[in-house]
Amino acid sequence: GEECDDAGESATCNPNCSAAECGDAVLNLTAGEECDDGGVMPGDFCDGACVIETLTFEFTGDVQSIALPPWATAARIEAYGAQGGGSRCCDSSVQDDGGLGGYAVGTFDVLGGDTLYILVGGEGATEGGGGFNGGGAGGQWGAGGGGASDVRLGGQELSDRIVVAGGGGGGNCGCPEHGAGGAGGGLIGNDGDNGGGGFIPGGGGTQMDGGPAGSNPGAAGALGAGGSNVGSDYHIGGGGGGYYGGGSAYAA
C-alpha cells in the first residue's frame, strides 16, 4: 500500500509513505501547493486549495490587527487612502468634490508570528470632522479631509508604519464655487484647487514635510495628520491625512 518510500519525511512523501496532499501540513511544491498549514479553512493566508490568499480589510473606524502565520517570510500590502468630504453649495446641495485617496503598494520582509496593525482611513465629513486616521477638520461650506490608510508592523505608533496611502483633501463650495480637494497621490500628495478664485489652496504632503497651509486661516499638515480649521471653521477645507498630511485652506 505504499505510495512512496524515500527513507524519510520529505516535501512529497509523508512518514506513512503516502504522497503529500493539501491539508496535511507538508508543502508539496511539485503538486502546485503554495502553502500548506494543515488547515483547509480560508482566512489564515492559506486557503483550502493550498494557495496563498489575499485578505481585504474594510473601513471600521478603529485599529484592526492580524498575526502572520508561522511560515510567512514576506507580505505584499496594497493600501488605498480615503476620499475627502464633499462640500455644501449655496443651494444646499452637496457636491462630490473631495480629493480621491492615494495608493501605495510594497512587499515587506516579515517573520512568522509578526502582528500587522491595519488602519483603514475614513471619508471626511461635509462641514465637519476629518476622516479616521489623520484627516483634518473642515467647516461651513467646506469639508474634512480623508484619512490615510496605513499598516504598522510590531507596534501601533506612527513610527511603526511601513506603508501609507494618503487621504484626499476636503472640498470647498459655497457661492461662488471655491474649489476641490487635492488627491492623495503617491509619494507626493496633490495640491488643492481654488475653483478659479483668488484664494490659495492647501498643498499636498510629502515624505518629508506636511503640505503648506493655504489662505488664512488654513493650517499646514503635520506628521500623520492633515491641517484643520484654526480659530474659525468658516469656509475651511481640511487637509487629507498621510505620512505627512496635506494643508488646509480658507475658501479653496
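The values are calculated or read from the model by the stated rules, or taken from the named source; none is laboratory data. Since the model is a prediction, treat every value here as computed from it, not as a measurement. No Cβ is skipped: glycine too gets one built from the backbone with ideal geometry, and neighbour counts run over all protein chains shown. Just the protein is used for accessible areas: all its heavy atoms, side chains included, with ligands, DNA and RNA removed. Shrake-Rupley method; radii C 1.70, N 1.55, O 1.52, S 1.80 Å.
Things to note:
- Label-point gap, in nm, between CYS17 and GLU34 - each point 7 angstrom along Cα→Cβ: 3.5
- Relative packing of peptides 110-118, 68-76, 148-156 - highest average C-beta neighbours within 10 Å first: 148-156, 110-118, 68-76
- Spacing of the two label points (7 Å from each Cα toward its C-beta) at PHE108 and LEU223, in nm: 1.7
- Mean separation of Cα contacts under 8 Å, 6 or more apart, over the residue count of the chain: relative contact order %: 15
- Charge dipole (debye, nearest 20) of the chain; +1 at Cβ of Lys and Arg, -1 at Cβ of Asp and Glu: 1680
- Residue with peak Gaussian network fluctuation, the chain [Cα springs, cutoff 10 Å], from GLY192, GLY210, GLY32: GLY32
- Relative contact order (%) - criterion: Cα under 8 Å, at least six apart; region: segment 133-237: 27
- Overall, the accessible surface of segment 47-90 at a probe of 1.4 angstrom is composed of carbon and sulfur to the extent of 51 percent.
- Segment SER92..ASP24, full-extension length gain: 18.3 nm, with 0.36 nm per residue of separation and the alpha-carbon distance subtracted.
- Peptides 160-167, 245-252 ranked from most to least packed by the mean count of surrounding Cβ atoms within 10 Å: 245-252, 160-167.
- Residues considered: GLY142, GLY169, GLY198. Largest GNM mean-square fluctuation over the chain, using C-alpha springs under 10 Å, is found at GLY198.
- Placed amide H near TYR244: partners under 5 Å, 5+ positions off or other chain: THR206, GLY224
- Heavy-atom accessible surface of the chain, averaged per residue, reaches 46 Å², computed with a 1.4 Å probe.
- Modelled spin labels at THR73 and GLU58, positioned 7 Å past Cα toward Cβ, are 3.5 nm from each other.
- In plain terms, the chain from MET208 to CYS4 could stretch by 67.5 nm, reckoned as 0.36 nm per residue minus the Cα-Cα distance.
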